[in-house]
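> Quick one: the structure is below, and I'll ask about it shortly.
The values are calculated or read from the model by the stated rules, or taken from the named source; none is laboratory data. Bear in mind that the values here come from a model prediction, so they are computed numbers and not experimental data. Every residue, glycine among them, receives a Cβ derived from its backbone with ideal geometry; neighbour counts consider all protein chains shown. Heads up: the accessible areas ignore ligands, DNA and RNA and are worked out on the full protein's heavy atoms, side chains in. Shrake-Rupley method; radii C 1.70, N 1.55, O 1.52, S 1.80 Å.
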Amino acid sequence: QVQLVESGGGLVQPGESLRLSCATSGFIFSRYTMGWYRQAPGKQRELVATITSGGSTNYKDSVKGRFTISRDNAKNTVTLQMNTLNPEDTAVYYCNARHPTGNYWGQGTQVTVSS
C-alpha cells in the first residue's frame with residue numbers, strides 16, 4: 001500500500017521559515033521523481049519544486065533562492081525547506097511521487113503565512 005504523509009505545516013509570520021517533510025512507503029522511493037505542489041484557495045494546483053532520482057532539482061521561479069528540496073533515499077523521505085515565507089506562499093502543500101509506473105499524492109499540509 002502506497003503512502004505519502006506530509007508534516008510540518010503551520011501558521012507563520014512573513015519572513016519566517018518552515019520545513020515540510022514527506023514520509024513514504026509502499027514503492028521504490030529511489031526510482032521516483034519526488035515533488036512538492038501547492039494549491040491556494042480558488043487556484044489550480046501548481047508545481048513548487050521537484051527532485052529527480054538522480055538528485056536534479058527544479059523550482060517554481062517565485063521560490064528560487066528561498067525554498068530547497070532534498071531527498072533521503074535511505075529514509076524514503078523528501079523535505080522542503082522554506083525560508084523567507086510571504087503571504088503568497090499560503091496554500092495546501094502536497095507531496096508527489098512520479099514514475100512511468102505510478103503517480104502518487106499525499107493528503108496535503110496547510111501552510112499559512114500571515115501577520
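> Within segment 81-102, how many residues are surrounded by fewer than 22 Cβ atoms within 10 Å (Cβ to Cβ) and within 20 Å of Ile51 (Cα to Cα)?
Here the count works out to 10.
> Taking segment 7-26 on its own, how many of its residues are polar (S, T, N, Q) and within 11 Å of the chain's Cα centre (by Cα)?
Of the residues in segment 7-26, the ones polar (S, T, N, Q) are 7, 13, 17, 21, 24-25.
This time we only want the ones that are within 11 Å of the chain's Cα centre (by Cα), so: 7, 21.
Residues meeting the conditions: 2.
> Another question about this same structure. When you scan segment 59-70, do you find a residue that is open to solvent by 50 Å² or more (accessible area, probe 1.4 Å) and touching a residue at least 40 places away in the same chain (Cβ under 8 Å), even just one?
no
> Tell me which residues, restricted to segment 99-112, are in a strand (DSSP E or B) and in contact with an Asp or Glu (Cβ under 7 Å, 6 or more places away or on another chain).
Step one: list which residues in segment 99-112 are in a strand (DSSP E or B), which gives 99, 102-105, 109-112.
Within segment 99-112, Thr109, Val111 qualify.
> Would it be correct to say that Ser115 is open to solvent by 30 Å² or more (accessible area, probe 1.4 Å), touching a residue at least 60 places away in the same chain (Cβ under 8 Å) and small (Gly, Ala, Ser)?
Working: open to solvent by 30 Å² or more (accessible area, probe 1.4 Å): yes; touching a residue at least 60 places away in the same chain (Cβ under 8 Å): yes; small (Gly, Ala, Ser): yes.
Yes.
> Hey, another quick one. Here is a check on your reading of the model: is Ser115 outside any strand (DSSP E or B), of a type in the set (Ser, Thr, Tyr) and over 25 Å from Val2 (Cβ atoms)? Give the steps one after another, and end with the answer.
On the way: outside any strand (DSSP E or B): yes; of a type in the set (Ser, Thr, Tyr): yes; over 25 Å from Val2 (Cβ atoms): yes.
It is true that Ser115 is outside any strand (DSSP E or B), of a type in the set (Ser, Thr, Tyr) and over 25 Å from Val2 (Cβ atoms).
> Residue check, Gly26 against (1) open to solvent by 40 Å² or more (accessible area, probe 1.4 Å); (2) of a type outside the set (Val, Ile, Thr); (3) under 13 Å from Cys95 (Cα atoms), all met but one. Which one?
(3)
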